[in-house]
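The structure appears below as structure tokens.
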Amino acid sequence: MRTSLLVLLLSLCATAQTVKIGVLGLFKPQALELTPAPHQVLVFQGGTRRIVVTRTARVEQAGEAVRLIADGKTRSEAKWRVTARDDGPAIFTLAVPGRIHRTYTGVLTIESGKSLEPVVEMDVERAVASAVAAESPPNAPVEALKAQAVVSRSYFLAAKGRHANADLCDTTHCIFLGDPPGARHRATQATEATRGQVLRFGDQTLLAMFSASCGGRTQTLSATGGTPAPDRYPYYTVESTYCLKHPDAWHRALPKTALTVRLNEKTEAARLAVVRRLGWSTVPSTNYEMRESGGRFLLEGTGHGHGLGLCERGAEAMAREGAGYQRILSYYYPNTRIETVVPAP
Ligand SMILES: [Zn+2]
Ligand SMILES: [Zn+2]
């Protein structure tokens, strides 16, 4: 047992702790602008070319190729890899012109699919801090942020290869990612204080699910329509006192259709099928009562999200009452343990 744990820790230490994240895919970009951070350069590598860029460069989709326009010159390649001068991670701003811009530190690759497909390979700890900053309200207590950091790190490390060209994407499909927070940001501090720590179940790092608010009780995997397996974390239903006392209630009236009739299942799969077609806020959670009236379905529910694992609202309340992040995590993820799998600096 001890030996296998040691082997595990050594193998995890030996591999680079990076994660590949498909970014800005939601915008289906046809063109991107890349700007190096002040006093930095970007090195574009494609085929045998190596092009050093000091100012904003534009990248466009050109059929199956990717066209680079920099310093008045145009070159097309199947794939561009963008690094700092030493081939390591670069600091840059990536923009979908007129829509969004975001700052990243990492190695960027850009390929052409249905649209341009930018993927940033970044340090896991940096990704965790960005996810915690994006997921948590600014006034959340630091122990709740630490719990969120362990959950996000587990998710990143367990989610290898969810996409063809990346481990994860930066949408609700995988995990939200904001701009990286500064050194003094509480999300950064919570990430550093839990560096390398993940949730483990059996011999696996948990693909740790979490939701904004559970509606009073968290869900089991099978209750949300998931498929339990002996080696897969089943999730457990635990009471969230704060959410029971302060219900996060919602009401909806939806037309009765072949699609919405599926809501009788009360599964996450049925909810996702409906919200993908009718909008993300149509059915906020699977925790609802439903009745038919005048050709419509009337839903009365509580909670936001699938209700699996950590409830962010409940975790904040526990932290305000003095609970540490370990206690919050053992409460929302029974039968798991916290282990350090990334070496300390
Ligand atoms: Zn995804
Ligand atoms: Zn809750």
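The values are calculated or read from the model by the stated rules, or taken from the named source; none is laboratory data. Computed from a predicted model, the values in this text were never measured in an experiment. Neighbour counts run over all protein chains shown; Cβ positions are idealised from the backbone, glycine included.
Residue by residue through the range 134-160, note down the ones that are farther than 18 Å from Met209 by Cβ and modelled with pLDDT under 90.
Pro137, Pro138, Asn139, listed by residue number.
Kindly indicate which of Arg271, Arg262, Arg277 is within 25 Å of Arg313 (Cβ to Cβ) and not small (Gly, Ala, Ser).
Result of the check over Arg271, Arg262, Arg277: Arg271.
Just name the residue that is surrounded by the fewest Cβ atoms within 10 Å (Cβ to Cβ) out of those in the range 220-260 that are of a type in the set (S, T, N, Q) and over 20 Å from the mean Cα position of the chain (by Cα).
Once the filter is applied, the top-ranked residue is Thr227.
Hey, could you check the range 70-101 for residues that are among the basic types (Lys, Arg) and in contact (Cβ under 8 Å) with a residue 40 or more places away in the chain and say which is farthest from Pro38 (Cα to Cα)?
So, considering only residues that are among the basic types (Lys, Arg) and in contact (Cβ under 8 Å) with a residue 40 or more places away in the chain, the one farthest from Pro38 (Cα to Cα) is Arg99.
Which pairs do you get when a residue that is in contact (Cβ under 8 Å) with a residue 12 or more places away in the chain, found in the range 168-179, comes within reach of a residue that is of a type in the set (Asp, Glu) and within 16 Å of ligand 2 (Cβ to nearest atom), reach meaning Cβ atoms under 7 angstrom, with the pair 6+ apart or on two chains?
Going by the 7 Å Cβ cut-off, the qualifying pairs are Phe176/Glu135.
Does the range 138-195 hold any residues that are hydrophobic (A, V, I, L, M, F, W, C), assigned to a loop (DSSP other than H, G, I, E, B) and within 14 Å of ligand 1 (Cβ to nearest atom), and which are they?
Ala159, Ala164, Ala166, Cys174, Ile175, Phe176, Leu177
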